[in-house]
Structures are given as structure tokens and as C-alpha cells.
Amino acid sequence: MSYRDLTAQEIEILKSQGCNADDWNNIMVHPDFKPDYIKHVNFSGVIKLGVLEEEFTLPGGLRKHSGIRHACLHNCELGNNVLIENIQNYIANYRIGNNVRIQNIHHLYVEGESSFGNGVEVSVLNETGGREVIIYDKLSAHFAYILSFYRHRPVLIKKLQDMVKSYAKEYTSDIGCIGDNVSIVNAGAIKNVYIGDYAEIEGARHLENGSINSNEYDPVHIGYSVMAYDFVICSGSRVEDGTMLTRCFVGQSCQLGHTYSASDSLFFSNCQGENGEACALFAGPYTVTHHKSTLLIAGMFSFMNAGSGSNQSNHMYKLGPIHQGIVERGGKTTSNSYILWPARIGAFSLIMGRHYHNSDTSDMPFSYLIEDKNESVLVPGINLRSVGTIRDAQKFPKRDRRKDPEKLDQINFNLLSPYTIQKMFKAIDILNGLKDTCGETSGSYTYQSCRIKSTSLKRGLKLYNMAINKFLGNSIISRLRDCPCTNDEEIRARLKPDTTIGLHEWSDIAGMLAPRSEIDRLIDDIESDKITHVSEMNEVFQELHKNYYSLEWTWAWDKIQQYYNLSADTITAQDIISIVSRWRDAVVELDKMIYEDAKKEFSLSSHTGFGVDGDRNQQRTDFEQVRGLFEENAFVETVLKHIDSKTKLGEELINRLEKL
């Protein structure tokens, strides 16, 4: 934009309106500038001013003309149609965009050079250091996972750190930036903070050294009494109600409020934190904690719901806080649960009670870990028949609040995947091994500092096999969906994988499921300087996520041949019919278990507390008015429709193949 000097007449008008400047020659203005709406302003340093032509309509219907009133500006560039008034101290070293409203704030300035939160080290997982993640504007959960957990690759770590430092250097400046359509009202001190388009800062107490990466698609809201130091907050997030952050990354569409407190923690997409506390937390996507006295510390979680009073210990009272733990995706803790780190809990597990032993149940997904007389009892696979698990799987995609077209985290929501099914194969081997070692007549078995009852072991084997049949059947049905299947050769050709990638172990890279071979390839490319910029890494993650189903089929097809003892060269339509029949039986039986589990929520004992001043009939009526009828429950209806649709889907494919 071209600017001009103030005219002598404009200078006189400004002086008459209570304005002064250390040097009027340092003030440049838009060609169409008019001084009418600038009153009681002190100017110093180099100043650039836009036009002041439009009005703001404030909440409640009040209209105010754009302008600058009762403020002190030093080295600032202002866009068009800003409203700046009642600045208690001053605004210094900022480039302020168009249609920005700044009212009733203490001060806003940049001091020296700043990278605005980019390059801050966060001592995640280990308070004493060793797994630091350097945060930056485009940090993904997957980048942070590799940077934090792959410390056994020092060359990799050095190169990743250098990438982020280089990124931070690109954004280092002695001038801050406030984007277009930003609103900052009733705020305290704001120092060295980048503020993106459409951000709303309302009543924040203190913000220092950070980036608020708001944009038009997904604005950020910072609310009353918030204090944040050394931070990055991404698009769509809301941080409000007295939240306190120190050295934290807040990913896209997170919600932190109700006096939540966090230090040295990472929160990725769609996390929620209220009332409680976090320290050295790696909160993968959808980590949720709502309750007071709930502490998440030195652990990694994702798709997790923390019950009230949940906490962990990251030390053994000798060498201090040096331990860490992992609760794999889909974990839940009940009220007052406790885990002594180090520990690793399998995917989609429920943790109930207090656990003082260092358990590793990572090869036993979908389990209960229960305290019984100070002993940890493991119930393998039982969560596969839980209505809560299925409900969670359905709700996560619906609760993705991200509106930003640029998604930083590549999130895979699948309940059954190569990652969880490979664990089930291991679990079956482990459980059979325990049975062979201790004998089938044994009343209980010991595994990873946990006790497994004999009945639980047998049921776990059954449930894991049902889930494997369900997943492999789903995969083969999806693969043959568009296949005419007129002969065996056509079926074999359609079943042939698109790629050889994905055959072996899979990993959950903080919400993204991918073959470990591809993560290793990415690491090799970084170490050999084939990948040298953070944006290139994010492109690899995006590509892996986009190709998930193709890679999944490579893995599933290999397991189908092993599990059902088949060969790619000789498989027939009759073999497919057998697989689909087993799939249909597994799906229907699991759904019936889930149906029966849901029924418990409507049992007679659940009526307790309803119809408080009435008889049994009024109790039932009150319950039905509040909770509805079991048969009319939306989730129950979904389960029944799922049983019906899957049965028909299986029968359709079987009928098609039987004609061959």
C-alpha cells in the first residue's frame, strides 16, 4: 500500500483533538485518510495509519465508528477501519490488520526479537527432560510422537530439532502481527504474541510469547482470566475461564476451560480439558478430562476419557519424576483410578481402581484392568462386547470440530484395524501359552503383574477370535464390493493387493495408523537429508493417511491367508462364502452381546432414584419419561439395524458367489 505524509492542516486538526507526536514527519497515512476520528492519541516512532470510514456493531446492538481514542502508539502500522480506544499504557511494535477492534487493554507490545512461541521446548512425558518436543505453528501429533519417542535415533532427533529451529527462525521478528477482523477487549498484558485473523481475545489476563493461529475458517477464542506463557494455540480452539498454560501446544479445535491448569504439555486435535491439571502430558487427539482433582501427568493418551479423581505417579519415591506411561488409544479411567508409572495399557481398555504394579497390557486390547484387594486383575477382550466402546467409536468422528481446511493431525477413527487386530493375534498366542504352561484346570493365570481368571481367559480367546473374523470379513467384503465375481480367477485378481506396503507391524503414531515400515522409511529419509523441512514430513503423513485402506488390505489379505489357511493362487468362491459366513456369525453375536449390555442401562436397578415420591409404577413412568423406552433408544435402534443390514450384506454376497 502507498502512503503519504500528513498535511499541515491534518496535523493541526490532530493537535486540536488532543493528539501529539514526537515527530509528525514519522507518521504516514493512507491517501484517503481523514483525521476526524483520532482523539487523545500519543504517537512515537514510525507510524502508518489506514482509513477510518466504517462502523462496528458491538454485541447488544451498540454502534461505534472506527477510530483511535485515548491510546499511545509506538512503531505501529494500522490497517483500515480499526477501533482502538482506552489503552491504559501503550501499543508498541505491531502491524495491525483491517477491521480490528482493541478496547480497554493494559498493554500490547513486542520487545526485542521474538519467534512468538515457535521454538519453545516442552518437557513432555518426563518432567526432568530427555523427551523435549520443540513446538511450532504446524506441529502435528505424529511429528511430536517421533520427536519424543524415537530418542534411540539421535541423528534423527538432531535433524528434527534443527527443522523446527529453522522454521522458528523464519518467523522471528521484532514486529508483531495482528490479523484482520481481530477483537481484543478488556485484556491485561499481551507481550510478544502473534494473533491470527478473526481471533477473539476477551478478558485474558496475561499472554506472553505465543502464537494464536486463528483464521477465517476456524477462529480462536481466548476468554476471561486466561494466563498463557510460551505457547502455540491452533485454529478453532477455545481457551477460557481462568485456564493457565505454561510451555504448552494446543492443537486444532481443543477446548480448555474452567480453571484448567497445564504445564509442559501437548494437546492435539479435539482435546478437552476442564477443572483439572496436566503436567508433562502428551494428549493425543480426543483426550478428554472434565473433572476437578483429575491429574494427567507424564503419560501419553488418545481417544481417552479420564474419570473424576484419576491420576498417575511418575516416580517411585527414590529418583524423582523420571517414569512415564502410555494408555493406548481408546482408554478410559473410572473415578479415583490410579496407575503407578511406568506402565502401558492396551488399546480401548477400561482402568478401574488403583494399580501399584508396573503392568504392560499393550498386547491385550479391549480389556478391563480392575483392582481387587490391591491386586490388578485383567479381563481380556471384554470391552469388545461393551456398549460404551461401540458408542465411543461412533461419537469420535461426529465430534471432530475442525473447520480449518488444513488439518494438522491425520486421525484414523477405526476401532478394528491392523494395529488392534495384530494385538489380538498376539493376545491369542499369549493366552494359549498361559493355558498350556499352567494347565487348563488352573483357576487363574499370572501375566505382566496381573491375574487373569480362567473363565476370563477362555472368554477372551472367544472374543478375540470373533473380532478377528469380523475385521477380516469386513475387509474381504469391502474388497469384493464392486467385483462382478463371475469366476474364481476374477475373484483372485480382485483380491490381489495394490501394493506390498503394509505387510508387517503397524503402529499408532498418535492417532494415525500406519505400517511401521513406512515410518522407518520416513526416518531414514530424514537422516539422509532427503527430507529437510517440516512441511515435507507433514506431506508424508497426509499421504499415508490417504492411502490407509489400500495399505490395510495388503495386511488383511496376508492375515486372511494365514488365519484361514488359504492361498492366493487357489482361493475359491466357496472359501469366500465360508469366510463371510463366519464374519456374519461374529458380527451378529457381538451385536447381540452389545444389545444385552445396553439393556442393563434400562434394568430395574437402574430405576433407583426415579419417581422419588411415588410407587413402583410411578418410578417406571418417571424413568421412561427421562430415559425413554429401551426399544426406542437411538443407539439400540442402531444396533438392531446393524444386525439386520450386516446379515443382509453377508447373504447378498453369499448368494452371488453360490451361483458360480
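List pairs: first in the range 27-41 and touching a residue at least 40 places away in the same chain (Cβ under 8 Å), second crowded, with 21+ Cβ neighbours inside 10 Å and among the small types (G, A, S), Cβ under 6 Å, 6+ apart or cross-chain?
Note: pairs meeting the criteria are H30/G50.
What is the one condition in (1) in contact with a Leu (Cβ under 8 Å, 6 or more places away or on another chain); (2) closer than 30 Å to N538 by Cα; (3) surrounded by fewer than 22 Cβ atoms within 10 Å (Cβ to Cβ); (4) among the polar types (S, T, N, Q) that N432 does not satisfy?
Result: N432 passes all but (2).
Conditions (1) surrounded by 19 or more Cβ atoms within 10 Å (Cβ to Cβ); (2) farther than 23 Å from C248 by Cβ, marked per residue:
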| site | (1), (2) |
| --- | --- |
| L52 | yes, yes |
| C72 | no, yes |
| I87 | yes, yes |
| H106 | no, no |
| N118 | yes, no |
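Assuming E202 fulfils every condition listed in (1) of a type in the set (D, E); (2) in contact with an Asp or Glu (Cβ under 6 Å, 6 or more places away or on another chain); (3) more than 24 Å from S302 (Cα to Cα) apart from one, which condition is it?
Condition not satisfied by E202: (2).
Hey, among H106, H142, H152, which residue is without any contact (Cβ under 8 Å) to a residue 60 or more places away in the chain and at negative phi?
On the way: H106 fails: without any contact (Cβ under 8 Å) to a residue 60 or more places away in the chain; H142 fails: without any contact (Cβ under 8 Å) to a residue 60 or more places away in the chain.
On inspection, the qualifying residue turns out to be H152.
In the list D498, D400, D409, which residue meets the criterion of being assigned to a loop (DSSP other than H, G, I, E, B) and within 21 Å of D569 (Cα to Cα)?
On the way: D400 fails: within 21 Å of D569 (Cα to Cα); D409 fails: within 21 Å of D569 (Cα to Cα).
The match here is D498.
Which members of the range 31-68 meet the condition of being more than 41 Å from the chain's Cα centre (by Cα), among the aromatic types (F, W, Y) and either assigned to a strand (DSSP E or B) or closer than 13 Å to E85 by Cα (or both)?
Y37, F43
Quick one: I201 ticks every box in (1) closer than 23 Å to A168 by Cα; (2) crowded, with 24+ Cβ neighbours inside 10 Å bar one, so which box is it?
In the conditions (1) closer than 23 Å to A168 by Cα; (2) crowded, with 24+ Cβ neighbours inside 10 Å, I201 misses (1) alone.
Are any of the residues in the range 593-603 modelled with pLDDT of 70 or more, among the hydrophobic types (A, V, I, L, M, F, W, C) and within 32 Å of the chain's Cα centre (by Cα)?
The answer is yes, given that some residue of the range 593-603 is modelled with pLDDT of 70 or more, among the hydrophobic types (A, V, I, L, M, F, W, C) and within 32 Å of the chain's Cα centre (by Cα).
Could you identify the single residue in L125, L83, L139 that is in contact with a Gly (Cβ under 9 Å, 6 or more places away or on another chain), over 20 Å from C279 (Cα atoms) and either of a type in the set (D, E, K, R) or crowded, with 20+ Cβ neighbours inside 10 Å (or both)?
Working: L125 fails: over 20 Å from C279 (Cα atoms); L139 fails: over 20 Å from C279 (Cα atoms).
Exactly one of L125, L83, L139 is in contact with a Gly (Cβ under 9 Å, 6 or more places away or on another chain), over 20 Å from C279 (Cα atoms) and either of a type in the set (D, E, K, R) or crowded, with 20+ Cβ neighbours inside 10 Å (or both), namely L83.
Can you find, within the range 436-454, the residue that is farthest from G381 (Cα to Cα) among those that are part of a helix (DSSP H, G or I) and of a type in the set (S, T, N, Q)? I'd like the intermediate steps shown before the answer.
Here is the first cut: in the range 436-454, the residues part of a helix (DSSP H, G or I) are 436-438, 454.
From what is left, the residues that are of a type in the set (S, T, N, Q) are 437, 454.
Values: T437: 21, S454: 14 Å.
Looking at residues that are part of a helix (DSSP H, G or I) and of a type in the set (S, T, N, Q), I get T437.
Being small (G, A, S) and touching a residue at least 60 places away in the same chain (Cβ under 8 Å) is the filter; apply it to the range 77-103 and report the residue that is farthest from V51 (Cα to Cα). Even if it seems obvious, please write down each step before you answer.
Of all residues in the range 77-103, those small (G, A, S) come to 79, 92, 97.
Adding the requirement that they be touching a residue at least 60 places away in the same chain (Cβ under 8 Å) leaves 79, 97.
Details: G79: 8, G97: 12 Å.
Looking at the filtered set, the residue picked out is G97.
Given the structure, is N469 of a type in the set (S, T, N, Q), farther than 30 Å from L408 by Cβ and surrounded by 22 or more Cβ atoms within 10 Å (Cβ to Cβ)?
Working: of a type in the set (S, T, N, Q): yes; farther than 30 Å from L408 by Cβ: yes; surrounded by 22 or more Cβ atoms within 10 Å (Cβ to Cβ): yes.
Yes: the conditions hold for N469.
Determine which member of the set D400, D436 is under 33 Å from the mean Cα position of the chain (by Cα) and of a type in the set (D, E).
Details: D436 fails: under 33 Å from the mean Cα position of the chain (by Cα).
One residue alone meets the criteria, D400.
With respect to the numbered conditions (1) part of a helix (DSSP H, G or I); (2) farther than 14 Å from N474 by Cβ, which one is the sole condition not fulfilled by N565?
Just one mismatch for N565, condition (1).
Listed here are the residues, each with its yes/no results for (1) in a strand (DSSP E or B); (2) in contact (Cβ under 8 Å) with a residue 60 or more places away in the chain.
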| position | (1), (2) |
| --- | --- |
| E10 | no, no |
| G18 | no, no |
| A71 | yes, no |
| N75 | yes, yes |
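State yes or no: is I27 over 30 Å from I135 (Cα atoms), at pLDDT 95 or above and more than 45 Å from the chain's Cα centre (by Cα)? Lay out the reasoning, then the answer.
On the way: over 30 Å from I135 (Cα atoms): yes; at pLDDT 95 or above: yes; more than 45 Å from the chain's Cα centre (by Cα): yes.
In short, yes.
Six or more apart or on different chains, Cβ under 8 Å: which pairs go from a residue in the range 409-426 that's of a type in the set (D, E, K, R) to one that's assigned to a helix (DSSP H, G or I)? Could you list them?
Matching pairs, first to second residue: D409/A141; D409/H142.
Could you pull out the residue among G273, G196, G251, G236 that is surrounded by 21 or more Cβ atoms within 10 Å (Cβ to Cβ), under 30 Å from S66 (Cβ atoms) and out of contact with any Lys or Arg (no Cβ under 8 Å at 6 or more places or on another chain)?
Numbers: G273 fails: under 30 Å from S66 (Cβ atoms); G251 fails: under 30 Å from S66 (Cβ atoms); G236 fails: out of contact with any Lys or Arg (no Cβ under 8 Å at 6 or more places or on another chain).
Criteria check complete, one pass: G196.
Name every residue in the range 374-392 that is part of a helix (DSSP H, G or I) and without any contact (Cβ under 8 Å) to a residue 40 or more places away in the chain, in order of residue number. Reasoning before the result, please.
Step one: list which residues in the range 374-392 are part of a helix (DSSP H, G or I), which gives 382-385, 387-392.
Once the filter is applied, which keeps residues that are part of a helix (DSSP H, G or I) and without any contact (Cβ under 8 Å) to a residue 40 or more places away in the chain, the range 374-392 yields only N383.
Taking F301, is it touching a strand residue (DSSP E or B) at 6+ places or on another chain (Cβ under 6 Å) and over 23 Å from S225 (Cβ atoms)? Spell out how you get there, then give the answer.
Values: touching a strand residue (DSSP E or B) at 6+ places or on another chain (Cβ under 6 Å): yes; over 23 Å from S225 (Cβ atoms): yes.
Yes, satisfied.
So, in the range 568-586, of the ones that are outside any helix (DSSP H, G or I) and in contact (Cβ under 8 Å) with a residue 12 or more places away in the chain, which residue ends up surrounded by the fewest Cβ atoms within 10 Å (Cβ to Cβ)?
Step one: list which residues in the range 568-586 are outside any helix (DSSP H, G or I), which gives 568-572.
Now narrow it down to the ones that are in contact (Cβ under 8 Å) with a residue 12 or more places away in the chain: 568-569, 571-572.
On the way: A568: 13, D569: 6, I571: 20, T572: 15.
Checked the range 568-586; the qualifying residue surrounded by the fewest Cβ atoms within 10 Å (Cβ to Cβ) is D569.
Kindly provide the set of residues from the range 296-331 that are among the hydroxyl-bearing types (S, T, Y), at negative phi and surrounded by fewer than 24 Cβ atoms within 10 Å (Cβ to Cβ), ordered by number. Reasoning before the result, please.
First, pick out the residues of the range 296-331 that are among the hydroxyl-bearing types (S, T, Y): 302, 308, 310, 313, 317.
Adding the requirement that they be at negative phi leaves 302, 308, 310, 313.
Answer for the range 296-331, where residues must be among the hydroxyl-bearing types (S, T, Y), at negative phi and surrounded by fewer than 24 Cβ atoms within 10 Å (Cβ to Cβ): S308, S313.
If a residue has to be more than 30 Å from D529 (Cβ to Cβ) and in contact with a Lys or Arg (Cβ under 7 Å, 6 or more places away or on another chain) to count, how many in the range 147-175 make the cut? Give the derivation first.
As a first pass, look at the range 147-175 and keep what is more than 30 Å from D529 (Cβ to Cβ): 174-175.
Then keep just the ones that are in contact with a Lys or Arg (Cβ under 7 Å, 6 or more places away or on another chain); that gives 175.
Number of matching residues: 1.
Give the residue that is nearest to the chain's Cα centre (by Cα), with candidates limited to residues of the range 472-484 that are surrounded by fewer than 17 Cβ atoms within 10 Å (Cβ to Cβ) and either part of a loop (DSSP other than H, G, I, E, B) or aromatic (F, W, Y) (or both).
R481
Among (1) touching a Ser or Thr at 6+ places or on another chain (Cβ under 9 Å); (2) among the acidic types (D, E); (3) closer than 24 Å to L266 by Cβ; (4) assigned to a helix (DSSP H, G or I), where does D508 come up short?
Just one mismatch for D508, condition (4).
Name, by its number, the condition in (1) of a type in the set (A, V, I, L, M, F, W, C); (2) in contact with a helix residue (DSSP H, G or I) (Cβ under 6 Å, 6 or more places away or on another chain); (3) in a strand (DSSP E or B) that does not hold for I339.
Among (1) of a type in the set (A, V, I, L, M, F, W, C); (2) in contact with a helix residue (DSSP H, G or I) (Cβ under 6 Å, 6 or more places away or on another chain); (3) in a strand (DSSP E or B), the lone unmet condition for I339 is (2).
Take T334 and tell me if it is surrounded by 24 or more Cβ atoms within 10 Å (Cβ to Cβ) and β-branched (V, I, T). Talk me through it step by step, then tell me what you get.
Details: surrounded by 24 or more Cβ atoms within 10 Å (Cβ to Cβ): no; β-branched (V, I, T): yes.
No: the conditions fail for T334.
The values are calculated or read from the model by the stated rules, or taken from the named source; none is laboratory data. This structure is a prediction, so every number in the text was calculated from the model and none was measured. Every residue, glycine among them, receives a Cβ derived from its backbone with ideal geometry; neighbour counts consider all protein chains shown.
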